[in-house]
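Below: the structure, in structure tokens.
The values are calculated or read from the model by the stated rules, or taken from the named source; none is laboratory data. Everything numeric in this text was worked out from a predicted model, so none of it was measured. A quick note on method: Cβ atoms are made from the backbone with ideal geometry, for glycine too, and the neighbour counts reach across all protein chains shown. The protein model used for the area step is the full one, side chains on, heavy atoms only, and it has no ligands, DNA or RNA in it. Shrake-Rupley method; radii C 1.70, N 1.55, O 1.52, S 1.80 Å.
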Amino acid sequence: MSRITITVNGKPETREVEDRTLLVQFIREHLGLTGTHVGCDTTQCGACTIHLDGKAVKSCTVLAVAADGSEVMTIEGLAEGGKLHLVQQAFHEHHGLQCGYCTPGMIMASVDMIRRHDGMLDEHTVRHELEGNLCRCTGYHNIVKAVLDAAEKHRAAHAVAAE
């Protein structure tokens, strides 16, 4: 057993965990944040995508002890003050979901993608970068539309802020 402290959605969380505990298990079972889903346990589907120290990672392949001292953002921490994050809003507006199982991981991967590219995205880039996030329901068309819309809104917001 190890004692770890991870800041999750801005709140430090200290727990005793078995050394073999995966970060996704820590998030779901120790903290009760069930928005991060477990889909495959083999880093294939992306349902468990979170932000670890500001970067999108699949939490099913990270040991919780390896994240000791780190900052984690889950889907539950994305909205601010009851207002959806622009990517969450775009998924809602463009119906970028069906069953919803992949949605939290898709959103977290998309937020990271938009940040890394500063909103400068095209359909090919979005489809390529979401290859590691599987959806069995939608065919990705509305997901891609949602990401491109959110990227455009991101660029517009940053253009206004720069003036």
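What the table shows:
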read-out	value
Arg136, sole failed condition from (1) open to solvent by 70 Å² or more (accessible area, probe 1.4 Å); (2) modelled with pLDDT of 95 or more	(2)
Residue within region 49-63 that is touching an Asp or Glu at 6+ places or on another chain (Cβ under 6 Å) and over 23 Å from Cys99 (Cβ atoms) present	yes
Check on Gly46, open to solvent by less than 30 Å² (accessible area, probe 1.4 Å), in contact (Cβ under 8 Å) with a residue 60 or more places away in the chain and not hydroxyl-bearing (Ser, Thr, Tyr)	yes
Enumeration of residues in region 85-101 that are free of Cβ contacts under 8 Å to residues at least 60 places away in the same chain and open to solvent by 80 Å² or more (accessible area, probe 1.4 Å)	His92, Glu93, His95, Gln98, Cys99
Members of region 1-23 that are over 23 Å from the mean Cα position of the chain (by Cα) and in contact (Cβ under 8 Å) with a residue 60 or more places away in the chain	Ser2
Qualifying residue in region 57-64 (condition: over 16 Å from the mean Cα position of the chain (by Cα), buried (at least 22 other Cβ atoms within 10 Å of the Cβ) and more than 23 Å from Ala146 (Cβ to Cβ))	yes
Among the candidates Ile75, Ile107, Ile143, residue that is within 21 Å of Gln44 (Cα to Cα) and in contact with a Phe, Trp or Tyr (Cβ under 7 Å, 6 or more places away or on another chain)	Ile107
Filtered residues of region 74-91 (kept if closer than 14 Å to Val144 by Cα and either β-branched (Val, Ile, Thr) or in contact with a Leu (Cβ under 7 Å, 6 or more places away or on another chain) (or both))	Val87, Gln88, Phe91
Hits in region 71-94 - residues which are outside any strand (DSSP E or B) and touching a strand residue (DSSP E or B) at 6+ places or on another chain (Cβ under 6 Å)	Thr74
Residue count for region 5-43, restricted to those that are β-branched (Val, Ile, Thr), under 18 Å from Asp112 (Cα atoms) and either open to solvent by 60 Å² or more (accessible area, probe 1.4 Å) or modelled with pLDDT under 95 (or both)	1
